[in-house]
């Protein structure tokens, strides 16, 4: 199974266009060893030719241009993208659907019922796309069923309901429903290798922990280093957990959980906010991750399982 990290940043990318935090300022001044990042998305394939796009970020056109297998190669109008799988309805994971409207066939989109509702009512992207290429919606079940997707032989997808936040425009923003946000196990059924992907994760419940333990590779929420990161910088009054993200440090943080995984598990952080000190490759926080064999995703990273 081949996984390409198309984008590794949280919403707004890095540097964020209107932010002058130490990381963004350091990038623009050239005083920090940091790399530019687009908003989080990955793509997955078993054969290297047919790909599932996992989330469609606002930077999707740039991401496609940077990765030849997604580009047209077989016909006048073409793409290696066979289906789109959405883990939630957040703007930074769905806005790219607008950019795919020139598709010559309806977009095959897999997501849960609550996400479909959000994208039909709260932020009606699906309805808008009906005026262009159209959408063929397929439900991602939450009962543990592994589903196959046409055109993606040897891959199976399993959704895991997560505790996180629905988008601000969701009808159930204040009354969370199972399926607002999911983690995704992606399995290469021929090679018997799997990855667990969850860029938004507020709590590691028992069923989520089991999915992480069963995977050969975990690519999980790396948004914030501390719970009060945004608050301490004077950027926002809300804390990481209130925003639906488990911080890496502190008691019960992501690092503690990742340390308990089997030694052979590859561990990566994605959806990294522009304020997170781990973006600075020379930071003490980055060194802590390295000592624990936890990787920080960057755009263009290739993973093979």
Checking residue 267 against (1) touching a residue at least 12 places away in the same chain (Cβ under 8 Å); (2) farther than 22 Å from residue 178 by Cα; (3) part of a loop (DSSP other than H, G, I, E, B), which single condition isn't satisfied? (3)
Among residues belonging to the range 177-198 that are in contact with a helix residue (DSSP H, G or I) (Cβ under 9 Å, 6 or more places away or on another chain) and assigned to a loop (DSSP other than H, G, I, E, B), point out the one that is farthest from residue 85 (Cα to Cα). 177
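Return yes or no: is residue 221 closer than 24 Å to residue 54 by Cα, surrounded by fewer than 20 Cβ atoms within 10 Å (Cβ to Cβ) and touching a residue at least 12 places away in the same chain (Cβ under 8 Å)? Show your work before the answer.
On the way: closer than 24 Å to residue 54 by Cα: yes; surrounded by fewer than 20 Cβ atoms within 10 Å (Cβ to Cβ): no; touching a residue at least 12 places away in the same chain (Cβ under 8 Å): yes.
Judged against the criteria, residue 221 is not a match.
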Which of the residues spanning the range 51-62 are touching a residue at least 60 places away in the same chain (Cβ under 8 Å) and either surrounded by fewer than 20 Cβ atoms within 10 Å (Cβ to Cβ) or outside any strand (DSSP E or B) (or both)? 55
What number goes with the only condition from (1) over 24 Å from residue 271 (Cβ atoms); (2) touching a helix residue (DSSP H, G or I) at 6+ places or on another chain (Cβ under 9 Å); (3) surrounded by 14 or more Cβ atoms within 10 Å (Cβ to Cβ) that residue 154 does not pass? (2)
How many residues, within the range 124-147, are touching a strand residue (DSSP E or B) at 6+ places or on another chain (Cβ under 8 Å) and either exposed (fewer than 13 other Cβ atoms within 10 Å of the Cβ) or outside any loop (DSSP other than H, G, I, E, B) (or both)? 10
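Just so you know, all these numbers are worked out from the coordinates, no wet-lab data involved. All of these numbers come straight from a predicted model, not from anything done at the bench. Note that each Cβ is placed from the backbone with ideal geometry, even for glycine, and that neighbours are counted across all protein chains shown.
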